[in-house]
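Only one structure is covered here, and it is reproduced in the block below.
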Amino acid sequence: MKSQARVVIIGGGAIGTSILYHLAKYGWNDAVLLEKHELTSGSTWMAAGNCSYYHPSYYATQVNMKSIELYQQLESETGQSTGWHTTGSIRTADNPDRMDELGYYYSMNRCLGLDVRWVTPEEIAELHPLMNVEGLSGGLYWPDDGDVDPSMVTQAMAIGARKYGGEINTHTRVTGIQRRGADWVVHTDKGDIVCQWVVNAAGLWAPQVGAMVGLEIPSIAIRHTHILFEAMDVVKNREKMLPLVRDPDRSIYIRQEMDSLILGMYEKVGQQWYPEGVPWDYAQEELPEDIDNIMENIEHGVFRFPLLEQSGFKHVTVGPITYTPNGDPLVGPAYPLRNFFLACGYSFGITQAGGIGHYIAGWIMEGEPEIDLWHLDGRRYGAWANWAYNREKIADTYPRLYSIFFPNEWRDAARPNRTSPIYEQQKAAGAVFGDYYGWECPNYFTDNDQDRYEKPSWRRSNAFKHVAVECRHVSEHVGLLDLTRFAKTRICGPGAEAWLNRMTCQRVPTEEGRIALCPMLDHNGAFKSDMTVTKVGQNDYLCITASVGKRHDQHWMLLNLPDDGSVSLTDLTYTQGCFVIAGPKSRELLAAAAHGDVSNEAFAFGTSRELYVGRVKCRVNRMNYVGELGYEIFHPIEEQITLYQTLAAAGEPLQLRMFGMHAMESMRLEKGYLAWKAEMNVHHTPLETNIAWTVKWDKDFIGRAALEKVRDAGVPRKLVALAVEAEDSDPWGYNPIFQGDRQVGMTSSGGYGHRVQKSIALGYVSQELADPGTRLEVEILGKMRPAEVVAMPLYDPKNERMKS
Amino acid sequence: MQVYVCVKHVPDTAASIKVEGEAGYSEGVKYVLNPYDEYAVEEAVRVVKEQGGEVIAVCVGKASALATVRSALAVGVDRAILVKIDEQLPDACVVAQALARAIEKDGQADLVFAGRQSVDSEGMQTHYRLASALGLPVVSDVVAFSLKDGGAQVERECGGGAREVIEVSLPCVIGANKGLNEPRYPKLPDVLKAKKKPVEQIDIASLGIEKPESGCRLTKLSAVPDRGQATMLSGGVREMVEELVRILEQDEKVL
């Protein structure tokens, strides 16, 4: 075993082996994999091996695509078969909401150029003659899906990894990990390895490995069952392999295995296995079966595939698979560490192993991911997503792994976690909450009991009419939005200004009391983060970033802090609350509640002041995300209720009412304000957007060199707003944009603009199609809708209201 | 015919057994119906299917053995008796007596099937002791069974590939061996039916078994030592074979 390596990968399952293979293949041949037992002995051995393109996320789908591409060519590269079969796969629907969901996948997959087809129940029966299609409305068919043998594919990647110089040490257990200067020291029972990067691909044991470096990784094993039936002549006698079938409404999957079928399921009660930590000596052992617990799903299987009733259970396989709060894995840089990556929490590891190995290897080597992997990034969870949270959350998530994916669903389990001090007041005002980075935040308010729960739907929901009322109220009177969850970072010290100027492409405000939109870019010149910087004092800046990106953004800042102590970073997220008051009466409200002159002359748009609002000393920024006259009021979190009472009292004659996230989202679309990880992600630079003006070429900043190249080569795309002739379903994002038969772009987000009364999409198209008036089409849930490029912003194009 | 079949709840042979205390092991592993008992169950079910009557499974084990009893019920057994004992690896004398009492209490056996051995304790005594307790003839290692002229004709393996054919009178005890038949797999309707089939659960104390004067007592259980890691040979075929021969001769001294 090497004593020095560039990268140490902990865990020899499909994921870890793939990362080693890709690092070695791309030239980092001094990478070492440590496996405490044999390769595949954690969860890989029991995986069903299904490989399909299906994933709700546009980006995660690309990981699946990369896996399938790799699995089909590994044999020629390594001489080891992967057991790949192209079988195709079908995903069925037996209700209208499910059909809508499939419509989303259909359209999203078309953005990726995938071969995906609608199939009728009759066509499904033709593709899978053993299937009873009773009750089905239809389905989607992916002809290029298939399956692999999980052990063989892992062995093939191991052979490849060794061929390119990677080292695999089995029967070598990691006992500790320590930081030594700029390096990591990985202790094992066979000696130490000093390395620059560590990758935690330890699967079942990832939480224990994470704990060695102080991480709490929300991943717990659940006993997953699949049943192999005895050989069936009808299967044996077929010439073509049967497609994989997922009947998500019955929470089952079925695929051909040799001369028979395998039935897998996500049962109602997922049995957690050693939730406190899987014993180190567990290896490749089947767990006791509990047929009673899965009986309902077996019956579902028999309903769809009647011949299963007369086929014996040849083997019932039960093995542990890891689950995270939402069932998606935890990958990427581990906050707040340097050079420590996660690649764990996988419950569909075979589907993604090949692809994620490629992307993680690239991410480590290049510093940035090739595609935006935020949906899978471990930093989407903060400290609230601890072990106990996960234990409670996955009890709800596991049985719903096949439930319908909706854009507006906020599941109740394991909530609330983080609440604003005015949570009870919000509830009393009829708030219907969503959870954002663990925070309870009102989506909308209602006094109608039937609407206290937003019905998940791809169509306009029961929230629609309430959101309309809120938007109108904000545009006519004044509304209060609680954005306490904003990530707030104080940057100060003698080097603060110079450092911030390097971190953002924008010029950081030089005058106290000035605010600037300061996006941070990555080394490719693409968006890293959405940030607003206020100069609050000499060498003292308040940086506001998206709440959900808190760990992501602060990680980036921490890793870039200078070593000399000239810049210090303080997290104010949990000590400062934020209220937004917005609407034409907001100045009147502020004047009534605050001490001092808040006239337009004394307190201009884009400036910041310290104000006493009632007895509470606040930092007030005249800026907002909804495009009305408005203010962001930052305040000590412990005085929030006092502040709220002051505003509520002063606001009563002005008809002050609270509004929620849905109204904010609607209004920001009308204003063409960008949203992090929708318009702003690793695929887009500011030059493509309406905030290209934030790029200041007269200074240096991270990403500048790459951005110059983009500028000189010609900016390939442009962000546009489209008014869409939608019916009852608005664009949401990942909708393909067509000109005739040609796909010319994709939406980044969308929704209904209540103030302009239009269905709006934001999206990227090629430059020549970006002129207002250009007629295009947007595909929503599989249906083409006429659309027209419109000038941005749709609402108050001269920003007169904000600046009034 | 009233056919009894003795079944045992044992850890899967692939399970990783962790010794606990002096003579116990951790039970958090996958359990199965003792593989040799599967042949016994299948044969019992076939006989009754042909002759009519009833198959009754009898099991001596912990309460958790009910799962194994149910799996026997799912492949054709009609009802079962579970004699509960709070011991992981009870002595074959005790088990045989308990089986005998339970059978006698239940009815008149025309035939009794059992596996030739269990894969946990591998004592290979239970069915002999059971036959003795019931006063019946016993044939073990049976690979073929048929009813003939009011008795049974059986074929048994007697080592080295040799087989002997024996005629035995009924009732008798048959020790089933691999090859006797091809056990069936449980099907969903059978599994569902099995949940409703009667299982009589009785405590071993109620059978009034006297502790045998002689017998075996397990005093220590220890894991098989690790065989260590495999050595991978590399190079051409010739080099690898030469190295293998050298290892067998010099290192392992087996040639």
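Here A:GLN506 fulfils each of the conditions (1) under 30 Å from A:SER729 (Cα atoms); (2) polar (S, T, N, Q); (3) touching a helix residue (DSSP H, G or I) at 6+ places or on another chain (Cβ under 8 Å) apart from (1). Filter the stretch B:129-159 for residues that are surrounded by fewer than 18 Cβ atoms within 10 Å (Cβ to Cβ) and free of Cβ contacts under 8 Å to residues at least 24 places away in the same chain and give the result. Listed by number, the residues that qualify are B:GLY135, B:SER146, B:LYS148, B:ASP149, B:GLY150, B:GLY151, B:GLN153, B:CYS158, B:GLY159. Only one entry in A:MET792, A:MET784 is part of a strand (DSSP E or B) and surrounded by fewer than 24 Cβ atoms within 10 Å (Cβ to Cβ), namely A:MET784. Taking residues in the stretch A:650-678 that are closer than 19 Å to A:VAL613 by Cβ, and partners anywhere that are of a type in the set (Lys, Arg) and at pLDDT 95 or above, the pairs with Cβ atoms closer than 7 Å and at least 6 places apart or on different chains are A:LEU654/A:LYS585. For the stretch A:66-96, the set of residues classified as under 30 Å from the mean Cα position of the chain (by Cα), crowded, with 17+ Cβ neighbours inside 10 Å and part of a helix (DSSP H, G or I) consists of A:LYS66, A:SER67, A:ILE68, A:LEU70, A:TYR71, A:GLN72, A:LEU74, listed by residue number.
Set side by side, the residues A:MET258, A:MET265 differ, and just one is farther than 19 Å from A:ARG380 by Cα, in contact with a strand residue (DSSP E or B) (Cβ under 8 Å, 6 or more places away or on another chain) and more than 11 Å from chain B (Cβ to nearest Cβ), which is A:MET265.
Could you say which residue among B:GLY179, B:GLY175 is away from chain A (no Cβ under 14 Å) and either under 19 Å from B:THR68 (Cβ atoms) or assigned to a strand (DSSP E or B) (or both)? One residue alone meets the criteria, B:GLY175. Here A:ALA468 fits the description: among the hydrophobic types (A, V, I, L, M, F, W, C), surrounded by 17 or more Cβ atoms within 10 Å (Cβ to Cβ) and in a helix (DSSP H, G or I).
Looking across A:GLY264, A:GLY277, one residue alone is assigned to a loop (DSSP other than H, G, I, E, B) and under 27 Å from the mean Cα position of the chain (by Cα). It is A:GLY277. The set of residues from the stretch A:749-781 being surrounded by 16 or more Cβ atoms within 10 Å (Cβ to Cβ) and not in a strand (DSSP E or B) comprises A:HIS754, A:ARG755, A:VAL756, A:LEU769, A:ALA770, A:THR774, A:LEU781. Scanning the stretch A:483-500 for residues that are of a type in the set (D, E, K, R) and under 17 Å from A:THR545 (Cβ atoms) yields A:ARG485, A:LYS488, A:ARG490. Note on the stretch A:565-639: enclosed strands (runs of 3 or more DSSP E) holding 3 or more residues that are closer than 26 Å to A:GLU476 by Cα are A:576-582, A:608-613, A:616-621, A:630-636. Checked against the criteria, A:ASP698 counts as over 28 Å from the mean Cα position of the chain (by Cα) and either buried (at least 19 other Cβ atoms within 10 Å of the Cβ) or assigned to a loop (DSSP other than H, G, I, E, B) (or both). Set side by side, the residues A:ALA706, A:ALA713, A:ALA726 differ, and just one is surrounded by fewer than 17 Cβ atoms within 10 Å (Cβ to Cβ), out of contact with any Cys (no Cβ under 8 Å at 6 or more places or on another chain), of a type in the set (A, V, I, L, M) and not assigned by TED's automatic domain parsing to the domain that holds A:PRO96, which is A:ALA713.
Where residues in the stretch B:4-27 are assigned to a loop (DSSP other than H, G, I, E, B) and more than 12 Å from chain A (Cβ to nearest Cβ), which of them is nearest to the chain's Cα centre (by Cα)? Only one residue tops the list, namely B:LYS8.
Flag set for A:SER457, criterion: closer than 29 Å to A:GLY782 by Cα and in contact (Cβ under 8 Å) with a residue 60 or more places away in the chain.
Just one of the listed residues (A:THR419, A:THR446, A:THR484) is among the hydroxyl-bearing types (Ser, Thr, Tyr) and touching a Ser or Thr at 6+ places or on another chain (Cβ under 7 Å), namely A:THR484. For the stretch A:450-506, the set of residues classified as of a type in the set (Gly, Ala, Ser) and closer than 16 Å to A:ARG657 by Cα consists of A:ALA468, A:SER475, A:GLY479, listed by residue number. Consider the stretch B:37-46 and keep the residues that are crowded, with 23+ Cβ neighbours inside 10 Å and of a type outside the set (Gly, Ala, Ser). The one that is nearest to the chain's Cα centre (by Cα) is B:ASP37. Residues in the stretch A:286-301 that are facing chain B (nearest Cβ under 8 Å) and touching a residue at least 12 places away in the same chain (Cβ under 8 Å): A:GLU286, A:LEU287, A:PRO288, A:GLU289, A:ILE291, A:ILE298.
Number of residues in the stretch A:289-323 that are under 24 Å from A:THR44 (Cβ atoms) and out of contact with any strand residue (DSSP E or B) (no Cβ under 6 Å at 6 or more places or on another chain) equals 3. For the stretch B:103-128, filtered to residues that are among the aliphatic types (A, V, I, L, M) and crowded, with 23+ Cβ neighbours inside 10 Å, the residue that is farthest from B:LYS49 (Cα to Cα) is B:ALA114. Candidates in the stretch B:47-59 are the residues that are surrounded by fewer than 16 Cβ atoms within 10 Å (Cβ to Cβ) and farther than 21 Å from B:VAL83 by Cα; of these, the one that is nearest to the other protein chains (Cβ to nearest Cβ) is B:LYS49.
Taking the criterion of being farther than 30 Å from A:GLY312 by Cα and either within 14 Å of another protein chain (Cβ to nearest Cβ) or without any contact (Cβ under 8 Å) to a residue 40 or more places away in the chain (or both), the residues of the stretch B:188-209 that qualify are B:ALA205, B:SER206.
Scanning the stretch B:4-40 for residues that are under 23 Å from B:LEU207 (Cβ atoms) and hydrophobic (A, V, I, L, M, F, W, C) yields B:VAL5, B:CYS6, B:VAL7, B:VAL10, B:LEU33, B:ALA40.
Of all residues in the stretch B:28-35, none are part of a helix (DSSP H, G or I), touching a residue at least 40 places away in the same chain (Cβ under 8 Å), within 14 Å of chain A (Cβ to nearest Cβ) and crowded, with 22+ Cβ neighbours inside 10 Å.
The values are calculated or read from the model by the stated rules, or taken from the named source; none is laboratory data. Here the structure is a predicted model, which is why all the values come from computation and not from measurement. FYI the Cβ positions are ideal-geometry reconstructions off the backbone, even for glycines, and counts take in every protein chain you see.
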